[in-house]
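Asks: Dumping the structure here so I can ask a few things about it.
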Amino acid sequence: MSASSATTSPTHFKATNQDRPIAADQVAGLSANNPKPKRSVRRRLVLFIVGALILAGGAFWYIYNAGYETTDDATIEAHVIQVSPKISAHVKAVRFDDNYHVRRGDLLIELDSRDYEVSLASAVANLASVQSKLTEAEAQQNVAQASWDK
């Protein structure tokens with residue numbers, strides 16, 4: 001081998017022998033000649049923006065869904081207290097809201113009183129009718145008793 005062929009440049013190896021691996025010192029010489037392309041800065045910026053969007057989307061989803069209870073079997077653990085009325089009537093107004101703290105004596109539901117006013121008026125009319133019949137019966141009794149006394 002001659003001395004001139006032993007001192008060939010790395011570019012000569014690259015140009016003539018494509019299937020032979022390049023030595024580590026040759027790679028260092030190649031990278032010193034060619035600086036890093038601007039693609040890596042652009043790639044980092046794109047990855048940063050995508051990561052920020054994913055993080056912002058995850059934060060939005062967490063904040064939006066944080067107050068909701070989800071279930072797979074349609075049951076949740078809760079304390080539900082049933083309120084049952086002593087009388088039946090139509091509800092006129094509801095004076096409380098969900099998860100509202102109530103105390104003894106608070107007005108919860110206002111009922112429509114028209115049905116009861118009609119029942120009261122009917123009862124008062126029946127009472128007046130019965131009282132008039134009683135007065136009539138007393139008058140007939142007095143007439144009958146007066147005719148017996150003669």
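Asks: Roll a 1.4 Å probe over the protein heavy atoms and report the accessible area of Leu47 in Å², nearest 10.
Replies: Taking all protein chains as shown, Leu47 has close to 120 Å².
Asks: Let me ask you something else. What base-10 log of the normalised intensity I(q)/I(0) is obtained for the range 77-150 from the Debye formula, alpha carbons as equal point scatterers, at q = 0.14, 0.26 Å⁻¹?
Replies: The Debye formula, applied to the Cα set alone, gives -0.69, -1.19.
Asks: Could I ask something else about it? Given the Cα-Cα distance of Ala146 and Ile54 and 0.36 nm per residue of separation, how much length would full extension add, in nm?
Replies: That works out to 22.5 nm of additional length.
Asks: Quick one: with all protein chains in place, what share of the accessible area of the range 58-142 is carbon or sulfur, to the nearest percent (1.4 Å probe)?
Replies: Answer for the range 58-142 is 55 percent, counting heavy atoms of protein chains only.
The values are calculated or read from the model by the stated rules, or taken from the named source; none is laboratory data. Keep in mind the model is a prediction, meaning the values are calculated, not measured. Calculation scope for accessible area: heavy atoms of the full protein, side chains included, ligands and nucleic acids excluded. Shrake-Rupley method; radii C 1.70, N 1.55, O 1.52, S 1.80 Å.
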